[in-house]
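One structure is given below, encoded as structure tokens.
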Amino acid sequence: MAELTRQELLKLVETTQAADGNERVRRIVGRVVADLFEAIDDLDITPDEFWNGVGWLTRLGASGQTGLITAGLGFDRLLDIREDEKDRRAGLAMGTPRAIEGPLYIPDAPLATAEVRLDDGASARAPVLVMEGRVLDAKGTPLKGAIVDIWHCNEHGRYSHFDPSQKEFELRRRVRVDGNGAYRFRSFLPPGYAIPPNSPTSELFAALGRHGNRPAHIHFLVSAPGAKTLTTQINIPGDAFIHDDFAFATRDSLIVTLETVTDPKGYESLGITGSFTRIQFDFRLQPATATTDQQHLAREARAHA
Ligand code: DHB
Ligand code: FE
């Protein structure tokens with residue numbers, strides 16, 4: 001039998017002739033493998049380099065950090081850019097812009113109505129923040145039954161669930177809007193975030209000469225009957241990394257304004273007795289045009305499916 005050439009090998013791996021299996025998977029895997037074969041040839045990648053890469057991928061998976069790498073290499077933002085383009089083509093480019101979910105969302109956080117404390121009320125966490133606003137449709141009409149799912153990191157830039165020192169659902173809450181479409185929550189202004197040191201992720205970014213910092217941000221997943229589910233973030237102004245986010249997620253219209261409120265009147269039910277920082281922000285959702293628009297299959301759920 002004649003020796004196998006790289007072209008013949010590629011044909012076999014690409015499974016272009018196969019009829020079994022999943023056609024879409026065959027197509028995607030075939031393309032990615034062909035591109036990698038080409039990269040190995042073009043860059044003259046050595047066996048050492050190749051197996052170092054495979055070892056790194058193994059450690060990456062074992063550490064549960066694949067989602068950190070996709071964000072840091074720009075894939076998460078690319079997918080958002082593609083969704084934005086799709087919206088523009090469909091004439092749906094309206095409302096609050098989307099921003100990446102990131103790898104740290106956990107579904108089913110405790111649910112309250114109208115207002116909620118993310119800081120649990122157990123300890124005073126500062127600087128005290130109240131964020132408030134309404135959930136509206138594209139015409140500015142309040143969306144009844146909307147739910148705002150909120151999550152952010154603690155004072156050390158760590159997220160509960162992934163950080164075993166925090167309580168279950170710490171700094172993760174959902175709030176259902178009141179009859180006027182209004183929500184509000186109390187928490188504290190979170191700091192920025194950095195990828196875990198001494199990890200497969202930090203190893204790669206060091207080799208790339210890149211930092212692993214994200215500017216201070218708060219995540220949201222906003223849903224309402226008849227509306228397209230929105231995954232977004234707000235950025236807190238004044239952060240040195242605001243335009244140098246390792247995950248490329250900052251959007252100018254999502255950089256909020258911080259107000260200092262000195263009179264706690266009207267905020268007593270949130271346990272506020274002194275001055276605090278306020279963010280006023282309305283979420284504007286697109287109409288749902290497909291049944292899938294109202295669903296959100298969290299990455300966490302996908303990863304365990
Ligand atoms: C990452 C962390 C975040 O807090 C986030 O919002 C997005 C990405 C990360 O580590 O990749
Ligand atoms: Fe985050």
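The values are calculated or read from the model by the stated rules, or taken from the named source; none is laboratory data. Just so you know, these numbers come straight off a predicted model, no measurement behind them. So basically every Cβ, Gly included, is an ideal-geometry build from the backbone, and we count neighbours across all protein chains shown. Just the protein is used for accessible areas: all its heavy atoms, side chains included, with ligands, DNA and RNA removed. Shrake-Rupley method; radii C 1.70, N 1.55, O 1.52, S 1.80 Å.
Cβ-Cβ under 7 Å, sequence separation 6+ or interchain: first residue in segment 195-207 and farther than 14 Å from ALA247 by Cβ, partner of a type in the set (Lys, Arg). Which pairs?
These pairs meet every condition: PRO200/ARG59.
Here is a check on your reading of the model: is ASN22 of a type in the set (S, T, N, Q) and over 23 Å from THR201 (Cα atoms)?
When the stated conditions are applied, ASN22 passes them.
Looking only at segment 141-154, decide whether some residue is under 30 Å from ARG59 (Cβ atoms), free of Cβ contacts under 8 Å to residues at least 24 places away in the same chain and open to solvent by less than 40 Å² (accessible area, probe 1.4 Å).
no
Out of the residues in segment 178-203 that are farther than 18 Å from LEU118 by Cα and hydrophobic (A, V, I, L, M, F, W, C), which is nearest to ligand 1 (Cβ to nearest atom)?
My answer is ILE195.
When you check ALA216 against the structure, is it modelled with pLDDT under 95 and of a type outside the set (Ser, Thr, Tyr), yes or no?
Considered against the rule, which asks whether it is modelled with pLDDT under 95 and of a type outside the set (Ser, Thr, Tyr), ALA216 comes out as no.
Do we have any residue at all in segment 273-287 that's more than 28 Å from ALA138 (Cα to Cα), modelled with pLDDT of 95 or more and either crowded, with 18+ Cβ neighbours inside 10 Å or not assigned by TED's automatic domain parsing to the domain that holds ASP87 (or both)?
Yes, segment 273-287 contains a residue that is more than 28 Å from ALA138 (Cα to Cα), modelled with pLDDT of 95 or more and either crowded, with 18+ Cβ neighbours inside 10 Å or not assigned by TED's automatic domain parsing to the domain that holds ASP87 (or both).
Evaluate the following for ILE106: is it within 16 Å of ligand 1 (Cβ to nearest atom) and of a type outside the set (Gly, Ala, Ser)?
Yes: the conditions hold for ILE106.
Can you tell me how many residues in segment 67-97 are touching a residue at least 24 places away in the same chain (Cβ under 8 Å), assigned to a helix (DSSP H, G or I) and away from ligand 2 (no atom under 16 Å from the Cβ)?
Within segment 67-97, residues that are touching a residue at least 24 places away in the same chain (Cβ under 8 Å), assigned to a helix (DSSP H, G or I) and away from ligand 2 (no atom under 16 Å from the Cβ) number 1.
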